[in-house]
Amino acid sequence: MSPYLKHLKNAYLKRIGCLPFQLLTTFLEPERRSVEGAFAALTRLYANANWYSGAYTKLIVRQSKHHFGKVQKDMEAGDIKPQYKDYQKTIRFMGQLLTPTDMEQFIKENRAMLDYVVDYFMTEDPNNRDRKEKIEEIRSELDQLFQGFPLTSKTLNDLLTELPFQLFIFVAQADESIDSRERMEFLKIIRDPEWCNSDCAHAFFNSTSYFFSEFLLQYHRGKIKKDIKQVKRTVRFINEMFKEEEGELIRTDLTRLAEEIARASGGFAGIMSVSKAEQAVLSDLLEIFSSEAIQGSA
């Protein structure tokens, strides 16, 4: 595993391991700081394995236990603030990673964890109206957040694998046709182990190469369509998951890829010029990479 892919895995494991703690900080009141009791409740929850069976929830619990002591210490010191926005962000991200079946199982078990945390806080202070209102508000928000997840048909791995192909059809079909030079240049690039600056880009370029013939067939049959929203969504997740330097390398490789496809069909022997239609598409893609990069680092 390359250092970049190893970082990606570690960053993701740390993110999902923080989910239970982010839920706790949502309900803890700064002036009460009942951290010890809340963590004792979480410990009892972890000791009871009857509330979950999904492999993904097992992974979250395992990662959470790994960070348990340090997070409790930081919370008791007041160094960790309520993180509900981070909780929502992680949940949304998982909606792109999991298959529909896995997501349904996770939603069910995440609700069980939420119920347990809520029960603890309501038992601790049953007459706290502000907390009751916050609980109802969060339940409603999460229900809305979960509604679309079981319908998700593409995981992040699917999106990454399709991304180079999406760039290919956007640029190559800018002039209403995909010619053999564009196709050959695209395959030459994504199959070249030395072409990418980013190890991660090379990894999903490799997957694209493997599925290229199938993708092209599905595209001609109308089962895969040009989808600029999908491109934007995938780039946004790249910015969220990778270190800034690696994200920049990936976006640079994607830009170079699009430019090389455009050059492949222009002028003499495919190396002289880029058509106005292709240049317009390239400009749109460059704008996406630029604007999404800013949003991702915000």
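The values are calculated or read from the model by the stated rules, or taken from the named source; none is laboratory data. None of the values given here were measured: they were computed from a predicted structure. Reconstructed Cβ throughout: ideal geometry from the backbone, glycine too, with neighbour counts over all protein chains shown.
Structure summary
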{"read-out": "Members of segment 168-203 that are over 22 Å from Val281 (Cα atoms) and hydrophobic (A, V, I, L, M, F, W, C)", "value": "Trp195, Cys200, Ala203"}
{"read-out": "Test result for Ser213, of a type in the set (Ser, Thr, Tyr) and modelled with pLDDT under 90", "value": "no"}
{"read-out": "Residue, modelled with the highest pLDDT, within segment 176-210, restricted to residues that are crowded, with 19+ Cβ neighbours inside 10 Å and assigned to a loop (DSSP other than H, G, I, E, B)", "value": "Cys196"}
{"read-out": "Of the criteria (1) surrounded by 15 or more Cβ atoms within 10 Å (Cβ to Cβ); (2) within 23 Å of Ile288 (Cα to Cα), which one Lys229 fails", "value": "(1)"}
{"read-out": "Test: residue in segment 235-257 that is of a type in the set (S, T, N, Q) and under 21 Å from Lys89 (Cβ atoms)", "value": "yes"}
{"read-out": "Elements of type helices (runs of 4 or more DSSP H) in segment 39-137, at least 2 residues being small (Gly, Ala, Ser)", "value": "55-76"}
{"read-out": "Test: residue in segment 236-250 that is closer than 14 Å to Gln166 by Cα and not in a loop (DSSP other than H, G, I, E, B)", "value": "no"}
{"read-out": "Failed condition for Thr161, given (1) in contact (Cβ under 8 Å) with a residue 40 or more places away in the chain; (2) among the hydroxyl-bearing types (Ser, Thr, Tyr); (3) assigned by TED's automatic domain parsing to the domain that holds Val35", "value": "(3)"}
{"read-out": "Sole exception among (1) under 26 Å from the mean Cα position of the chain (by Cα); (2) among the β-branched types (Val, Ile, Thr); (3) closer than 20 Å to Leu282 by Cβ for Ile261, by number", "value": "(1)"}
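Here's the yes/no breakdown for (1) at pLDDT 85 or above; (2) surrounded by fewer than 20 Cβ atoms within 10 Å (Cβ to Cβ):
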residue: Glu240; (1), (2): no, yes
residue: Glu248; (1), (2): yes, yes
residue: Ala280; (1), (2): yes, yes
residue: Leu285; (1), (2): yes, no
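Okay, residues lined up against (1) under 23 Å from the mean Cα position of the chain (by Cα); (2) among the small types (Gly, Ala, Ser); (3) surrounded by 15 or more Cβ atoms within 10 Å (Cβ to Cβ); (4) at pLDDT below 75:
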| residue | (1), (2), (3), (4) |
| --- | --- |
| Gly54 | yes, yes, yes, no |
| Ile60 | yes, no, yes, no |
| His66 | yes, no, no, no |
| Lys70 | no, no, no, no |
| Pro82 | yes, no, yes, yes |
| Thr90 | yes, no, yes, no |
| Leu97 | yes, no, yes, yes |
